[in-house]
Amino acid sequence: MSEERATPPQAHWEDVYRRKDAEQVSWFRPHLEVSLALMEQTGLGSRTRVVDVGGGASTLVDDLLARGVTDITIVDLSEAALEVAHKRLGDAASTVHWLAADLLAAPFAEGRFDLWHDRAVLHFLIDETDVRRYAEQAARAVAPGGHAVIGGFAPGGPERCSGLPVARRSAAEIAAALGAAFELVGERREVHQTPGAMSQSFAYALLRRR
């Protein structure tokens with residue numbers, strides 16, 4: 001893993017995963033049922049090229065591997081979070097591409113992926129410049145005809161997460177943030193129960209790359 005000096009945002013997330021068990025953080029779910037259902041609507045198959053941005057310690061990679069998906073990239077700012085998933089997968093981790101990087105500056109090749117997944121990364125972006133950069137990254141990385149599944153706190157959901165302010169968006173607002181390169185083709189709502197038994201309202205957008 002990199003020995004470069006941590007930036008403040010990276011240091012925040014490294015600290016979170018060093019201090020807490022991955023199953024104790026508020027966003028933990030044993031399985032991302034809503035995400036998986038929306039991903040399957042896109043025709044998810046063994047040859048689908050998937051990137052999970054902010055995937056960190058999430059179990060989504062486990063469920064994608066169980067479905068036979070063979071081209072999976074996990075991107076996260078926290079190396080500690082990636083290490084959790086890497087260790088959990090054991091030998092299967094060698095079949096996954098792991099990238100510890102700032103999503104907004106990650107070196108994605110044009111059209112590299114068929115499916116972009118994000119659960120609770122975009123909602124941390126409250127600066128319009130960062131939101132625009134996120135949209136540019138997604139538009140570059142997802143091939144035309146591909147899809148994005150993006151979820152985050154919905155209107156009425158929490159105003160902060162892990163001590164940081166968030167932007168609460170509906171599916172339509174998520175689509176608007178992604179810009180003209182994507183069209184909204186589906187949406188879902190979810191009431192997530194945290195490990196601490198708190199209810200959090202999430203909105204998900206299923207988007208198609210034009």
Tally, over the stretch 165-190, of residues that are of a type in the set (Val, Ile, Thr) and buried (at least 19 other Cβ atoms within 10 Å of the Cβ): 2
Candidate set: the stretch 101-121, residues that are crowded, with 20+ Cβ neighbours inside 10 Å and of a type in the set (A, V, I, L, M, F, W, C); chosen: the one farthest from Glu187 (Cα to Cα): Phe108
The listed residue being part of a helix (DSSP H, G or I) and either under 13 Å from the mean Cα position of the chain (by Cα) or under 22 Å from Leu207 (Cα atoms) (or both), out of Ser35, Ser94: Ser35
Top-ranked residue of the stretch 132-157 - restricted to ones that are touching a strand residue (DSSP E or B) at 6+ places or on another chain (Cβ under 6 Å) and assigned to a loop (DSSP other than H, G, I, E, B), ranked as surrounded by the fewest Cβ atoms within 10 Å (Cβ to Cβ): Gly156
Among (1) in a strand (DSSP E or B); (2) in contact with a Pro (Cβ under 9 Å, 6 or more places away or on another chain); (3) of a type outside the set (Val, Ile, Thr) - the single one Glu183 does not satisfy: (2)
Some residue of the stretch 113-124 being in a loop (DSSP other than H, G, I, E, B) and out of contact with any strand residue (DSSP E or B) (no Cβ under 6 Å at 6 or more places or on another chain): no
Test: residue in the stretch 192-201 that is out of contact with any Pro (no Cβ under 8 Å at 6 or more places or on another chain), under 20 Å from Gly55 (Cα atoms), of a type outside the set (Asp, Glu) and assigned to a loop (DSSP other than H, G, I, E, B): yes
Residues (more than 13 Å from Ala120 (Cα to Cα) and under 17 Å from the mean Cα position of the chain (by Cα)) located in the stretch 137-169: Gln137, Ala138, Ala139, Arg140, Ala141, Val142, Gly146, His147, Ala148
Candidate set: the stretch 122-131, residues that are touching a residue at least 12 places away in the same chain (Cβ under 8 Å) and out of contact with any Gly (no Cβ under 7 Å at 6 or more places or on another chain); chosen: the one surrounded by the fewest Cβ atoms within 10 Å (Cβ to Cβ): Ile126
Qualifying residues in the stretch 191-210 (those that are surrounded by 15 or more Cβ atoms within 10 Å (Cβ to Cβ) and over 29 Å from Arg140 (Cα atoms)) - the one modelled with the lowest pLDDT: Thr194
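Please go through the stretch 55-78 and give me each residue that is buried (at least 20 other Cβ atoms within 10 Å of the Cβ) and either more than 16 Å from the chain's Cα centre (by Cα) or over 20 Å from Met39 (Cβ atoms) (or both), ordered by number.
Val69, Leu77, Ser78
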Candidate set from the stretch 68-91 (those that are part of a helix (DSSP H, G or I) and not charged (D, E, K, R)); member that is nearest to His123 (Cα to Cα): Ala81
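The values are calculated or read from the model by the stated rules, or taken from the named source; none is laboratory data. Because the structure is predicted, anything quoted here is derived from the model rather than measured. Because the Cβ atoms are built from the backbone with ideal geometry, glycine has one as well, and the counts that use them run over all protein chains shown.
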